[in-house]
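Report on one structure; see the data block that follows.
The values are calculated or read from the model by the stated rules, or taken from the named source; none is laboratory data. The model shown is predicted, which means the values in this text are computed figures rather than measured ones. Neighbour counts are summed over all protein chains in view; Cβ atoms, including those assigned to glycine, are modelled from backbone coordinates with ideal geometry. We work out accessible area using only protein heavy atoms, side chains counted, and drop any ligands, DNA or RNA first. Shrake-Rupley method; radii C 1.70, N 1.55, O 1.52, S 1.80 Å.
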Amino acid sequence: MISVFGSANMDLVAYVPEAPRRGETVTGHRFRTVPGGKGANQAIAAARAGADVAFLGAVGDDGFGAELRATLSEAGVDVRCLRQVPGPTGIAHIVVDDTGGNSIIVVPGANGTVTGPSGDDLAAIAASQVLLLQLELPMAAVMAAAQAARVSGVPVILTPAPAQPLPDELLDTVALIVPNEHEAAAITGVTGAEAAMDALLERVEEAVITLGSAGALYGSRPGERLLVPAPKVNAVDTTAAGDTFVGALAVARSEGYGVEEALRFASAAAGLSVQREGASTSMPTRLEIEATLSD
Ligand code: ATP
């Protein structure tokens with residue numbers, strides 16, 4: 001089983017020719033709401049990629065919260081540890097331009113009320129092969145979950161987003177960190193994937209830096225380096241490409257795939273997701289991932 005302790009947001013997505021600058025108003029092509037949040041996205045990506053998944057987090061007592069719970073359930077995610085708290089559900093305001101690029105504002109809502117895993121959450125973490133963490137919950141809550149995983153001997157895969165410097169107490173509990181290039185630079189203070197990888201491996205055992213259409217760079221402390229190219233596809237919306245990558249990578253690792261095989265599985269999943277619009281709506285099934293890999 002894979003546990004995901006993280007955020008659930010309703011994504012409010014506007015499709016525009018070009019993102020507006022300060023003071024500018026642009027007319028969009030269209031608008032839609034899509035269940036998202038890095039935690040919920042990774043949970044759905046992992047469930048669609050074939051794992052048993054438990055989602056641990058919080059939604060508000062509004063319509064967005066009810067919709068998120070239903071979406072996670074329909075994707076096969078166990079939501080018994082998803083709490084409902086008074087107030088609004090978290091939202092992400094996303095602007096997607098005609099090149100498929102995106103910019104995002106997150107308002108945490110219920111996610112900001114999460115303090116740490118308790119009771120059933122701890123049992124779910126202890127029963128997992130992998131715990132997935134991101135940084136859209138309060139840092140104290142993320143660190144408490146990472147500690148709980150460490151106590152139970154459960155490896156943690158961390159997506160360090162939104163980008164920020166990270167305390168050593170957190171990185172000491174992480175088995176694998178998966179930043180994109182921007183996040184890797186924010187954590188290490190150095191630019192360039194190779195240099196950032198060197199700096200990351202001074203603090204964690206294993207890292208994957210995702211490089212968008214250029215693929216993903218893997219590194220481990222024993223000195224292994226591997227660049228896995230991304231499939232050549234027509235990208236229409238890269239929202240949640242990183243979450244799809246991490247969800248699928250976690251599934252492959254929990255099933256005992258080797259490093260390269262797991263990275264190819266994750267790249268295939270993410271490559272499929274960028275060809276479709278939205279976050280959870282764009283994530284491929286196990287059958288779709290395997291069909292791509294056997295092409
Ligand atoms: P996002 O924030 O949009 O979810 P991210 O910035 O976290 O994404 P990226 O590095 O952009 O992460 O992408 C993650 C992975 O998704 C890449 O390593 C790659 O495997 C796949 N990917 C992203 N963009 C493309 C693309 N244009 N074509 C093929 N694969 C892609």
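List of remarks:
- As for segment 189-204, it holds no residue that is hydrophobic (A, V, I, L, M, F, W, C), under 30 Å from L68 (Cα atoms) and within 19 Å of the chain's Cα centre (by Cα).
- For beta carbons closer than 9 Å, sequence separation of 6+ or different chains, a first residue in segment 140-166 that is under 25 Å from G119 (Cβ atoms) and a second that is of a type in the set (D, E, K, R) and surrounded by fewer than 15 Cβ atoms within 10 Å (Cβ to Cβ), the qualifying pairs are M143/E169; A146/E169; A146/D172; Q147/E169; R150/D172.
- Residue match in segment 71-78 (condition: farther than 15 Å from A124 by Cβ and touching a residue at least 40 places away in the same chain (Cβ under 8 Å)): yes
One line per residue, one yes/no per condition, for (1) open to solvent by 10 Å² or more (accessible area, probe 1.4 Å); (2) out of contact with any helix residue (DSSP H, G or I) (no Cβ under 8 Å at 6 or more places or on another chain):
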{"residue": "E224", "(1), (2)": "yes, no"}
{"residue": "D243", "(1), (2)": "no, no"}
{"residue": "V259", "(1), (2)": "yes, yes"}
{"residue": "S273", "(1), (2)": "no, no"}
{"residue": "G278", "(1), (2)": "no, yes"}
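- In this structure, A123 does satisfy being over 14 Å from G37 (Cβ atoms) and either small (G, A, S) or open to solvent by 20 Å² or more (accessible area, probe 1.4 Å) (or both).
- Criterion violated by E290 - all others in (1) part of a helix (DSSP H, G or I); (2) touching a residue at least 24 places away in the same chain (Cβ under 8 Å) satisfied: (2)
- Qualifying positions in segment 218-252 - within 8 Å of the ligand (Cβ to nearest atom) and in a strand (DSSP E or B): V228
- Selected residue [aliphatic (A, V, I, L, M) and in contact with a strand residue (DSSP E or B) (Cβ under 7 Å, 6 or more places away or on another chain)] from L132, L122: L132
Yes or no, residue by residue, for (1) within 19 Å of L287 (Cα to Cα); (2) open to solvent by 60 Å² or more (accessible area, probe 1.4 Å):
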site: L12; (1), (2): no, no
site: E18; (1), (2): no, yes
site: G37; (1), (2): no, no
site: N41; (1), (2): yes, no
site: A47; (1), (2): yes, no
site: D52; (1), (2): yes, yes
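- Per-region count, segment 12-25, residues β-branched (V, I, T), assigned to a loop (DSSP other than H, G, I, E, B) and closer than 20 Å to T238 by Cβ: 1
- Every condition in (1) touching a residue at least 24 places away in the same chain (Cβ under 8 Å); (2) open to solvent by less than 30 Å² (accessible area, probe 1.4 Å) holds for E205 except the one numbered (2).
- Hits in segment 138-158 - residues which are touching a Gly at 6+ places or on another chain (Cβ under 9 Å) and open to solvent by less than 10 Å² (accessible area, probe 1.4 Å): A141, V142, A145
- Here E255 fulfils each of the conditions (1) away from the ligand (no atom under 11 Å from the Cβ); (2) charged (D, E, K, R); (3) surrounded by 15 or more Cβ atoms within 10 Å (Cβ to Cβ) apart from (3).
- Any hit, segment 259-267, residues being free of Cβ contacts under 8 Å to residues at least 40 places away in the same chain, within 8 Å of the ligand (Cβ to nearest atom) and within 23 Å of G6 (Cα to Cα): no
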